[in-house]
Every structure is written in C-alpha cells, then in structure tokens.
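Data block below; observations after.
A short reminder: the numbers here are calculations on the coordinates, not readings from a lab. As the structure is a computational prediction, the values presented were derived from the model and not from experiment. Note that each Cβ is placed from the backbone with ideal geometry, even for glycine, and that neighbours are counted across all protein chains shown.
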Amino acid sequence: MKARRRISGTLAAGLAVLIAAVAAPGVTVAAPAPAPATASASLRDGAAAFAEGRLAEAEAIFTRAVAARPADVHASLWLGVVRFHRGNVTGAEQAMAYAARLAPRDATVWLWWGHLLARTGQTEQAAQAFRRALLAGAPPSVHRLAEQALRAVRPLPEVAAAPSATEKIDTRPVAPSWVHDVESYRAIAIYYNPRLSPAETEAIARALLGYSRMFDLDPRLMVALVVVESGFRPRARSRAGAMGLGQLMPGTARVLGVNPWDPAQNLYGSIRYLRGNLDRFGWQNTHLALAAYNAGRGAVERYEGIPPYAETQWYVANVTSLYRRLVAISGKMPELRSRLAEN
C-alpha cells in the first residue's frame, strides 16, 4: 500500500485488458493513459482503436507497424496484447516471443510475456519468463513486480483440477472445516518461507485464521495476498517503506494501531484493511478491493476501476490468480499439507 507510478510507454491499455481478464471477467478497467507524445503516429492510432474496442482495426494497425518497423519492440508487444484479447493466444505468444528476441535484456518484455503465459495456464513457462526479467538487470520497480509474479505462479502440488479462468470469484467465507485447519496454513507459510521457525509458523497460521474469522474473510484470499506482498517474510520492507507480511505502510499501521513488525498485528491490520475495502467496493468486486489495498481507495474511486499504475495492475492479477488456484484445491487441504511437507 504505497505510491505507484504510472505505466510508461504505450502499453497501459493492453495491460489493463490482461488484468481485467484475470481479475474479473466482464469488468471494465478504467480508461488507460494515452500514448505518450514520443510514440509513433501508428502506435497512437492503434492505442486509440484498442481503447475504443475496435480490436480488429487495432490489430491491423499494429501488424502494419511491425511490418514497417520490425525492430520496434513496443509495436510487437502491442500486437501480442491485441491478439491475446481477440482470443488468438498462439499469435499473441508469437508476437511476445518476437519482442523478447528483439530485446532479450528488456526486463519489461519478459514481465509482460510472463503474465500472458500465466494467464493461459502455462505457469512453468511464466516462471521462466519472470526469472529472465530478474536476470535482465531490471530496475527496482520491475524487479519487485517480477519477484511478486514469480511467487504467485510457484507451483502448488497437483491435488485438484485447474481452476476456471472465467468463473467469477466471491471471497465470502466458506464452511468446510479445512478452512480452519491450522496445520494446513502452517504448511503453506513454511512452503513459501522455509526460514520461518515452528513458533513463527504457528503464530502466523493462528493469526491468519483467527482474524479472518473475526472479519468474516476467506483466509485463502489473505494467503494469496501475503504470498504476493512479502512471500511470508515478517521482516520484509519495500523501497517505499511498506513493512511486514501484509506490507503495511507506516501511516496505515498507525491508523490501525498495529506494530507492522509483529506478524500477528500485521495480519490483523492487513485483514481489517482489506475487509474495509470489500465493504466499500462490494464483495463481488474483489479486484477493486485488492487494487485499493495496493494503491489506495482514493485512486480506485478516482479512476472508477483498477488505476493505471503498473504495480497495481499486475498486483491484482497476481493475487487473484493465486487465490483462484487455492480455491480450486478446496477440500484437498489435508492432501496439500502432506504434499507441501515433502517439498
């Protein structure tokens, strides 16, 4: 929960569409930032057509742009995004792969390609792309995004069928007893952070479940959030100053009256804040509650949707996709716990 930067380049609209597809099918994301003045006229025209939903026209424009300027990385990325939105996954992957060949040391290219692969269920290939982003000498902001994405796609043991990418999610708590199984959540915490002590995993699992029950929140959503935010590292601190498991900003922690370095207090504050966002934006709008957690409620209200901030848009996709995977293994937690213990 900290200040975010706007997406650079002419890629904002495409990113917004990918996030919309992952986070909540049928939900319209706020209008993206316009193409910068330095972009070519064709890219600006293509971006405008895309923003207005004229996808066939946008694809034609970007196809011509790639043909006219084969070395234009942004044109290839745009083409990949438009093709993906039109349902041409193979064509989208080809365009992204071409962009990666053009700029093999461009971390942003690998980050984009990784998210496309993750969206299509190719999590192993997505992880490879995110690792390439990390190895490409990414600036701190992109490096953090790649780390978050890599945690989000880390494979869970195969204990259930893959989740539907189109099924709308609802984060209201569910009744099965496994949701309250402390041992399962201890196993998840240690899986993502093997350096946790037994006492720490016990405290984290009990706080996560206890405060989720207190605020009537699905604990699996909080697991996904904490994995992306900190990887279950209680001493994690971002460059912006966010702290602890849920990456609370100092001001937010003060308002909530919690010590962000105490894992239990941090989880209390994080869960309470997320519950407030769900109350404000609606239980059916989990993507907006998550965006508000990351960028602030004011930003979500100002843009009437997920704000056009790079980190926020990818953050929503990462948390939501991991949450879907956790929901898909409902009823399989004892088996998951034993599989996690084997890793």
What distance in nm separates the two pseudo spin-label positions at residue 272 and residue 86, each 7 Å out from Cα along the beta-carbon direction?
5.1
Diffing segment 62-76: the Karplus 3J(HN,Hα) column from phi (6.51, -1.76, 1.60, θ = phi - 60°), in whole Hz with x for Gly and Pro, holds 6, 5, 5, 5, 5, 5, 6, 9, x, 8, 7, 5, 5, 4, 5
Quick one: which residues, 5 or more positions from residue 193 or on another chain, have an amide H under 5 Å from its amide H? H modelled 1.01 Å from N in the peptide plane, none for Pro or chain starts.
none
Put in order of increasing Cβ neighbours within 10 Å, starting from the fewest, 182, 223, 81 give 182, 223, 81
Spin-label pair residue 262/residue 301, simplified geometry with 7 Å Cα→Cβ offset, distance in nm
3.0
Above 19 angstrom, tally the Cα pairs of segment 47-102 and express them as a % of all pairs, no decimals.
17
Using 7 Å Cα-to-Cβ label points, what is the residue 183/residue 55 separation (nm, one decimal)?
4.7
Between the alpha carbon centres of segment 86-152 and segment 226-275 the gap in Å comes to 28
With a Förster distance of 41 angstrom and the Cβ-Cβ distance between residue 41 and residue 216, calculated FRET efficiency to the nearest 0.05 equals 0.20
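About its Cα centre, how strong a charge dipole does segment 177-342 have in debye, to the nearest 20, once Lys and Arg get +1 and Asp and Glu get -1 at the Cβ?
I would put it at about 220 debye.
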Exposure proxy ranking, count of Cβ atoms within 10 Å, fewest first, for 115, 287, 85, 143
143, 85, 287, 115
